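> Here it is: the structure, laid out below.
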Amino acid sequence: MEVGTSTSLGSLGGTDSPAPTPASAWTDAHQWDFREDCEVRQILDRIADKWSLLTLALLADGPLRFTELRRRIDGVSQRMLAVTLRHLERDGLITRTVFPVVPPRVDYALTPLGESLGSTVQAFVEWTERNQETISAARDEYDRSRPEETAQLSGTSSIAR
């Protein structure tokens, strides 16, 4: 384990401890190692990436071919999906099975490790669904109170509008 990495992250959702209060849920986060080369940070970067989350969610229903994944993930490029799949396979979250047929067939599926992320991802999605209206209202308020900053965030200027 790397220096500065917390060993108690399991307490954030483990079944052998009570659910943390909102304040205590972040206590262990301050023990994390925030350096770029921290392995925990690298894994979190991979798992929290939008293409990874969408890919893992789709594979939760069973194995899929590359073309099916690409068709079902709106906006992902062929290259980005290939890179995402390669990283997820390297991290042990998915398997890639090549079938010796013509044309070649390749299926992707979750490993037991990838399947173990299911409840965590589901909790994240449920939190998002519960809070999407509040977040949308906060964005609207921010946009109304800071039009120039909003224009910079969206890549436009108030002059162009």
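The values are calculated or read from the model by the stated rules, or taken from the named source; none is laboratory data. Computed from a predicted model, the values in this text were never measured in an experiment. Using ideal geometry, Cβ is built from the backbone for each residue, glycine included, and neighbour counts are taken over all protein chains shown. Accessible surface areas use protein heavy atoms only, side chains included; no ligands, DNA or RNA. Shrake-Rupley method; radii C 1.70, N 1.55, O 1.52, S 1.80 Å.
> Those residues that are modelled with pLDDT of 85 or more and among the basic types (Lys, Arg), I need them from the range 103-161; list them, please.
Once the filter is applied, which keeps residues that are modelled with pLDDT of 85 or more and among the basic types (Lys, Arg), the range 103-161 yields ARG105, ARG130, ARG139, ARG144, ARG146.
> Under the condition of being exposed (fewer than 12 other Cβ atoms within 10 Å of the Cβ) and under 17 Å from the mean Cα position of the chain (by Cα), which residue from the range 62-76 is nearest to LEU110 (Cα to Cα)?
Result: ASP74.
Residue by residue, here is whether (1) closer than 20 Å to PHE124 by Cβ; (2) of a type in the set (S, T, N, Q); (3) modelled with pLDDT of 85 or more holds:
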| site | (1), (2), (3) |
| --- | --- |
| THR7 | no, yes, no |
| SER11 | yes, yes, no |
| GLY14 | yes, no, no |
| ASP28 | yes, no, no |
| GLU39 | no, no, no |
| ARG65 | no, no, yes |
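One line per residue, one yes/no per condition, for (1) touching a residue at least 24 places away in the same chain (Cβ under 8 Å); (2) part of a strand (DSSP E or B); (3) in contact with an Asp or Glu (Cβ under 8 Å, 6 or more places away or on another chain):
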{"position": "VAL40", "(1), (2), (3)": "yes, no, yes"}
{"position": "ARG79", "(1), (2), (3)": "no, no, no"}
{"position": "THR84", "(1), (2), (3)": "yes, no, yes"}
{"position": "THR97", "(1), (2), (3)": "yes, yes, yes"}
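> Give me a count of the residues in the range 132-141 that are open to solvent by less than 70 Å² (accessible area, probe 1.4 Å) and not polar (S, T, N, Q).
Going through the range 132-141 one residue at a time, the tally reaches 3.
> Which condition number in (1) modelled with pLDDT under 90; (2) of a type in the set (Gly, Ala, Ser); (3) under 22 Å from the mean Cα position of the chain (by Cα) is the one that GLY92 fails?
It fails just one condition, (1).
> Still on this structure, please answer the following. So how many residues does the range 99-113 have that are farther than 16 Å from ALA57 by Cβ and outside any strand (DSSP E or B)?
Summing the residues that are farther than 16 Å from ALA57 by Cβ and outside any strand (DSSP E or B) in the range 99-113 gives 6.
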